[in-house]
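Take a look at the structure below.
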Amino acid sequence: MLKGKTAVVTGSTSGIGLAIAQAMAKEGANVLINGFGDAAAIEKERKSIETTFGVKAIYSPADMSKGSEIAEMIKTAEKTFGSVDILVNNAGIQHVAPIEEFPVEKWDAIIAINLSSAFHAIRTAIPGMKQRKWGRIINTASAHALVASPFKAAYVAAKHGIAGLTKTAALELATFGITVNAICPGYVWTPLVEKQIADTAKARGITEDEVKKNVMLLAQPTKEFVTVEDVAALAVFLASDAGKSINGSMQSIDGGWTAA
Ligand code: NAD
């Protein structure tokens with residue numbers, strides 16, 4: 001389905017991003033993976049994508065809080081593969097605390113990594129996409145791009161910002177064969193979620209088990225975590241030719257959370 005295309009997936013050494021990179025490679029796309037982690041583990045993952053799916057995979061260590069490194073990452077993919085056809089802005093971090101205790105440096109980091117990074121990647125990828133008259137930009141937003149939860153001020157602000165950037169870019173690029181959409185997952189079982197359980201328990205004064213049952217899955221009517229494979233399949237569909245008329249949309253994949 002994506003043979004001959006190149007996909008850049010930010011924050012793809014773990015969780016949702018890794019699943020998206022694997023799913024795009026499974027459909028035949030060459031991929032650039034990005035993110036932090038153990039160098040040997042990342043290299044193993046990169047090689048495994050190549051051997052499992054018969055595509056080319058490269059790794060960029062670009063820090064998504066640094067505009068210049070993001071631009072360099074896009075240019076590296078273009079130089080290596082000849083194009084960036086699919087851009088998935090997925091890297092993200094979380095911090096859970098009441099606003100008056102929210103560390104200022106955490107606010108700045110979340111806005112930079114979860115929001116501004118997408119602006120830097122999009123602005124660098126657009127000229128090539130426009131020239132080829134084909135492009136797919138997929139932003140991993142969140143149910144928190146549509147609704148809020150307490151103690152996640154920076155994350156909710158950044159994700160609402162991603163919704164605005166998605167819609168604006170979609171309008172600007174609609175006549176160039178480029179679509180821009182956001183995926184809005186509910187709670188997906190990944191390291192990002194696992195890590196926030198302890199902090200949420202502390203902020204709310206409840207046990208970690210209660211956080212899972214009564215905070216996270218309370219919001220999710222299915223009472224089940226979304227899987228990374230579910231999210232990846234949606235990203236592949238948006239990237240496919242069948243997705244060409246879906247533009248500027250917020251794709252909820254949250255077990256019904258935001259229906260309430
Ligand atoms: P994760 O922690 O498993 O993965 C995050 C990825 O981002 C990792 O590869 C990490 O190395 C990378 N990353 C973090 N900071 C970076 C930086 N400065 N530069 C480059 N890479 C960086 O998390 P995940 O749950 O897979 O989250 C992926 C995206 O999905 C995020 O944008 C997150 O907000 C969003 N999301 C997650 C959930 C969920 O429930 N897990 C729900 C909705 C939205």
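Structural remarks
- Shape category assigned to the stretch 72-165 from the gyration tensor of Cα positions, a/c cut at 1.5: prolate
- For I183, the residues whose modelled amide H falls within less than 5 Å of its own, excluding neighbours fewer than 5 places apart on the same chain, are N139, T140, A141, Q251.
- Global dimensions of the chain from alpha-carbon coordinates: Rg and Dmax equal 17.6, 54 Å.
- Rounded to 10°, Cα long-axis angle of helix 39-53 versus longest principal axis of the chain: 60 degrees
- Cα centroid separation - the stretch 207-246 against the stretch 30-81, whole Å: 25 Å
- Under Karplus coefficients 6.51, -1.76 and 1.60, residue-wise ³J(HN,Hα) of the stretch 75-89 in Hz, glycine/proline x: 5, 4, 5, 5, 5, 6, 10, x, 6, 10, 9, 10, 10, 10, 8
- Rounded to the nearest 20 debye, the dipole size of the stretch 138-238 about its Cα centre is 280 debye, using +1 on the Cβ of Lys and Arg and -1 on the Cβ of Asp and Glu.
- Anchor K152: lysines whose Cα lies under 21 Å away (excluding residues fewer than 8 positions away in-chain): K106, K195, K202, K212, K213
- Relative contact order (percent, whole number), the stretch 1-120, Cα cutoff 8 Å, 6+ residue spacing: 28 percent
- Per-residue HN-Hα couplings for the stretch 23-32 [Karplus 6.51, -1.76, 1.60; θ = phi - 60°; Hz; x = Gly/Pro]: 5, 5, 5, 4, 8, x, 7, 6, 10, 10
- In straight-distance terms, cross-link reach from K75 covers every one of the aspartates and glutamates whose alpha-carbon lies under 15 Å from its own, apart from those fewer than eight places away in the same chain; here that gives D63, D85.
- In order through the stretch 61-71: 3J(HN,Hα) via Karplus (6.51 cos²θ - 1.76 cosθ + 1.60), integer Hz, x for Gly, Pro: x, 3, 8, 5, 9, 10, x, 5, 5, 5, 4
- The stretch 20-78 shape via C-alpha gyration tensor axes, a/c threshold 1.5: oblate
- Taking Cα atoms only, the orientation of helix 228-239 departs from the longest principal axis of the chain by about 40 degrees.
- Entry note, the chain: relative contact order of 20 percent, from Cα contacts under 8 Å with a spacing of 6+ residues.
- Ranking G4, A145, A118 by how far each Cα lies toward the positive end of the dipole of the stretch 1-146 (charges on Cβ) leaves G4 at the top.
- Sum of -39500 (n - 2.57) over DSSP H runs of 4+, divided by residues of the chain (222 nm, nearest 500): -14000 deg cm²/dmol
- 24 Å Cα-Cα threshold exceeded, pairs from K47/K159; K47/K167; K5/K130; K47/K223; K47/K133; K79/K159: K47/K159; K47/K167; K47/K223; K47/K133; K79/K159
- Taking the charge dipole of the stretch 1-107 about its Cα centre, with +1 at Lys and Arg Cβ atoms and -1 at Asp and Glu Cβ atoms, the residue from M64, G15, N30 reaching farthest to the positive side is N30.
Readers should treat all values here as calculations from the given coordinates under stated rules, not as data from a laboratory. Every value quoted in this text rests on a predicted model; they were computed, and no experiment measured them. No Cβ is skipped: glycine too gets one built from the backbone with ideal geometry, and neighbour counts run over all protein chains shown.
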